[in-house]
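Enquirer: Next up is a structure, given as structure tokens.
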Amino acid sequence: MKLNDFLEYLNSGKAIIDGSELYQFIHELSREAMKVTSKLNEGYHEPEEIRNLFSKLIGKPVDASFGLFPPFYSDCGKNITVGKNVFINSGCRFQDQGGITIGDGALIGHNVVLATLNHDFSPQKRRTLHPAPIVIGKNVWIGANATIVPGVTIGDGAIIAAGAVVTKDVLANVIAGGIPAKIIRTLDVEEM
């Protein structure tokens with residue numbers, strides 16, 4: 001299977017059936033991602049080397065303004081897209097098979113989890129996977145230990161409070177927090 005065909009299928013949102021060629025390809029990509037993230041998370045690396053390793057993980061170059069503090073974990077890597085001036089803090093875990101897009105200027109706090117796969121609800125089909133993308137807008141700030149679930153879009157300028165579990169789309173220029181996350185308030189013009 002070719003990577004482009006795989007990503008096209010995943011981005012269509014169709015289910016991935018246990019034992020299928022796609023299911024096996026996910027495991028191949030996971031092994032490749034583990035190799036790259038192991039190297040990324042081993043010892044100290046200069047910022048340029050971190051950018052090079054992250055670019056290798058996602059299969060495309062990142063901007064010179066990209067920053068990341070390891071450790072970082074991904075079980076695929078190939079369906080992540082990041083804009084300019086993005087910073088990812090240490091301990092983050094991206095399950096990106098369903099697609100993760102991070103807009104310019106986004107800040108991702110410590111230990112944030114971005115999960116783009118769900119298992120089937122039926123116990124007989126529990127190993128079937130359902131991908132759905134996460135889209136993080138421009139200048140979003142996601143606080144430490146937040147979890148974003150499959151299919152969520154976070155609007156430009158929004159803030160996700162530390163520890164939040166985001167299960168639904170978040171509007172632009174609001175603060176959302178809690179479990180499940182709800183809008184706490186709208187940002188004032190002076191704050192934007």
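The values are calculated or read from the model by the stated rules, or taken from the named source; none is laboratory data. Here the structure is a predicted model, which is why all the values come from computation and not from measurement. So basically every Cβ, Gly included, is an ideal-geometry build from the backbone, and we count neighbours across all protein chains shown. Protein only, heavy atoms only, side chains kept; ligands, DNA and RNA dropped before computing areas. Shrake-Rupley method; radii C 1.70, N 1.55, O 1.52, S 1.80 Å.
Enquirer: Would the stretch 84-103 turn up any residue that is over 13 Å from the mean Cα position of the chain (by Cα) and not in a loop (DSSP other than H, G, I, E, B)?
Expert: Within the stretch 84-103 (the criterion being over 13 Å from the mean Cα position of the chain (by Cα) and not in a loop (DSSP other than H, G, I, E, B)), the answer is no, since none of the residues qualifies.
Yes/no matrix, rows are residues, columns are (1) open to solvent by 20 Å² or more (accessible area, probe 1.4 Å); (2) among the hydrophobic types (A, V, I, L, M, F, W, C); (3) closer than 17 Å to His27 by Cα:
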residue	(1), (2), (3)
Gly83	no, no, no
Asn89	yes, no, no
Ile102	no, yes, no
Ala106	no, yes, no
Val112	no, yes, no
Thr116	no, no, yes
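Enquirer: Consider Asp63 against the criteria (1) touching a Lys or Arg at 6+ places or on another chain (Cβ under 7 Å); (2) more than 21 Å from Ile154 (Cβ to Cβ); (3) not small (Gly, Ala, Ser): it satisfies all of them except one. Which criterion is unmet?
Expert: With respect to (1) touching a Lys or Arg at 6+ places or on another chain (Cβ under 7 Å); (2) more than 21 Å from Ile154 (Cβ to Cβ); (3) not small (Gly, Ala, Ser), Asp63 is out only on (2).
Enquirer: Quick one: is Ser65 more than 21 Å from Leu10 (Cα to Cα), outside any helix (DSSP H, G or I) and at pLDDT 95 or above?
Expert: yes
Enquirer: Among the residues of the stretch 69-88, is there at least one that is closer than 14 Å to Ile136 by Cα and among the small types (Gly, Ala, Ser)?
Expert: Looking through the stretch 69-88, at least one residue is closer than 14 Å to Ile136 by Cα and among the small types (Gly, Ala, Ser).
Enquirer: Further, regarding this structure: Within the set of pairs 6 or more residues apart or between chains, which connect a residue that is farther than 24 Å from Ala172 by Cα inside the stretch 126-139 to a residue that is of a type in the set (Asp, Glu) and open to solvent by less than 60 Å² (accessible area, probe 1.4 Å) with Cβ atoms less than 6 Å apart?
Expert: Listed pairs, sorted by first residue: Arg126/Asp120; Thr128/Asp120.
Enquirer: Next up: Which one is farthest from Ile100 (Cα to Cα) among residues in the stretch 20-43 that are open to solvent by 50 Å² or more (accessible area, probe 1.4 Å) and either touching a Lys or Arg at 6+ places or on another chain (Cβ under 8 Å) or charged (D, E, K, R) (or both)?
Expert: Among residues in the stretch 20-43 that are open to solvent by 50 Å² or more (accessible area, probe 1.4 Å) and either touching a Lys or Arg at 6+ places or on another chain (Cβ under 8 Å) or charged (D, E, K, R) (or both), the one farthest from Ile100 (Cα to Cα) is Glu42.
Enquirer: I'd like the full set of residues that are open to solvent by 20 Å² or more (accessible area, probe 1.4 Å), within 22 Å of His119 (Cβ to Cβ), in a loop (DSSP other than H, G, I, E, B) and of a type outside the set (Gly, Ala, Ser), limited to the stretch 134-158.
Expert: Val149, Pro150, listed by residue number.
Enquirer: Still on this structure: Can you tell me which of (1) more than 25 Å from Gly178 (Cα to Cα); (2) in a loop (DSSP other than H, G, I, E, B) is the one Thr81 doesn't meet?
Expert: So Thr81 meets the others, but not (2).
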